[in-house]
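The values are calculated or read from the model by the stated rules, or taken from the named source; none is laboratory data. None of the values given here were measured: they were computed from a predicted structure. Note that we place each Cβ from the backbone using ideal geometry, even for glycine, and neighbour counts take in every protein chain shown.
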Amino acid sequence: MREVIHARGHDNVRAEHASTFEVTTDDWLTPAGDCILAVEADRTPADFDPAFVEACRSADARITCEVRVGDHVQTVEGRGHPDLTFENDRSAVARTSDYVDDRTVLVDADHAAAGFDREMVDALRAGADLVFTLRVDADERE
């Protein structure tokens, strides 16, 4: 199962945060938003299919986030968590920790904003389009 969000970069994209990365529906970004990769997202976790959400609520779920910006593609691996709600209607956040709030879409990510390719970050800073694809592979044993 997968969910896709389209967004665009912004001249204040820095991608320097050490524990999270985010896409937001906001149309603005201050330099303090050092985890944000893109703005003007066309979807949020609240829009995701209930079956996708349920699959992500398994502690055994493997969640992959593919971030595509032009020819640059980067994959982040993480996992699900029983407390994921996918209720936020503003932004989607991936975390290297196991902290969960209503914006969280995966935990235990293998890297955060600071781990993204700098050429990709430069393209986002120039306003490039971003495709944020989440895939879940849940253990279906009962």
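On the given criteria, is E77 part of a strand (DSSP E or B) and more than 20 Å from H6 (Cβ to Cβ)? Spell out the reasoning first.
Details: part of a strand (DSSP E or B): yes; more than 20 Å from H6 (Cβ to Cβ): yes.
It is true that E77 is part of a strand (DSSP E or B) and more than 20 Å from H6 (Cβ to Cβ).
How many residues are crowded, with 18+ Cβ neighbours inside 10 Å, within 15 Å of the chain's Cα centre (by Cα) and part of a loop (DSSP other than H, G, I, E, B) if we restrict to segment 1-25?
Result for segment 1-25: 4.
Which residue is surrounded by the fewest Cβ atoms within 10 Å (Cβ to Cβ), if the candidates are limited to segment 99-121 and must be among the charged types (D, E, K, R) and assigned to a helix (DSSP H, G or I)?
R118
A32 fails exactly one of the following numbered conditions: (1) part of a helix (DSSP H, G or I); (2) without any contact (Cβ under 8 Å) to a residue 12 or more places away in the chain; (3) not charged (D, E, K, R). What is the number of that condition?
For A32, the failing item is (1).
Give the number of residues within segment 2-27 that are under 24 Å from S97 (Cβ atoms) and either touching a helix residue (DSSP H, G or I) at 6+ places or on another chain (Cβ under 6 Å) or without any contact (Cβ under 8 Å) to a residue 12 or more places away in the chain (or both).
7
Does D98 qualify as being among the acidic types (D, E) and modelled with pLDDT under 95? Full working, then the answer.
On the way: among the acidic types (D, E): yes; modelled with pLDDT under 95: no.
Here the answer is no, as D98 does not meet what is asked.
Give segment 99-132 a look and list any residue that's on the phi > 0 side of the Ramachandran plot and over 15 Å from the mean Cα position of the chain (by Cα), or say none. Even if it seems obvious, please write down each step before you answer.
Taking segment 99-132 and keeping what is on the phi > 0 side of the Ramachandran plot, we get 108, 127.
Of everything in segment 99-132, just one residue is on the phi > 0 side of the Ramachandran plot and over 15 Å from the mean Cα position of the chain (by Cα), namely G127.
Checking E77 against (1) touching a residue at least 40 places away in the same chain (Cβ under 8 Å); (2) under 15 Å from F132 (Cα atoms), which single condition isn't satisfied?
Every condition holds for E77 apart from (1).
Can you say whether D60 is without any contact (Cβ under 8 Å) to a residue 12 or more places away in the chain and over 15 Å from the mean Cα position of the chain (by Cα), as far as the supplied structure shows?
Numbers: without any contact (Cβ under 8 Å) to a residue 12 or more places away in the chain: no; over 15 Å from the mean Cα position of the chain (by Cα): yes.
The answer is no for D60.
Between a first residue in segment 36-48 that is in a loop (DSSP other than H, G, I, E, B) and a second residue that is among the basic types (K, R), which pairs have beta carbons less than 9 Å apart while being 6 or more apart in sequence or on different chains?
Listed by first residue and then by second, the contacts come to E40/R8; A41/R8; A41/R90; T44/R90; T44/R103.
Being closer than 22 Å to H6 by Cβ, crowded, with 18+ Cβ neighbours inside 10 Å and aliphatic (A, V, I, L, M) is true for just one of A61, A46, A41, A51. Which residue is that?
Values: A61 fails: closer than 22 Å to H6 by Cβ; A46 fails: crowded, with 18+ Cβ neighbours inside 10 Å; A51 fails: crowded, with 18+ Cβ neighbours inside 10 Å.
From the options A61, A46, A41, A51, the qualifying one is A41.
Can you work out which of the residues in segment 65-97 that are touching an Asp or Glu at 6+ places or on another chain (Cβ under 6 Å) and farther than 19 Å from A15 by Cβ is surrounded by the fewest Cβ atoms within 10 Å (Cβ to Cβ)?
Per the stated criteria, the residue is E87.
How many residues does segment 76-98 hold that are within 17 Å of E16 (Cα to Cα), within 12 Å of the chain's Cα centre (by Cα) and of a type in the set (S, T, Y)?
Of the residues in that region, 1 qualify.
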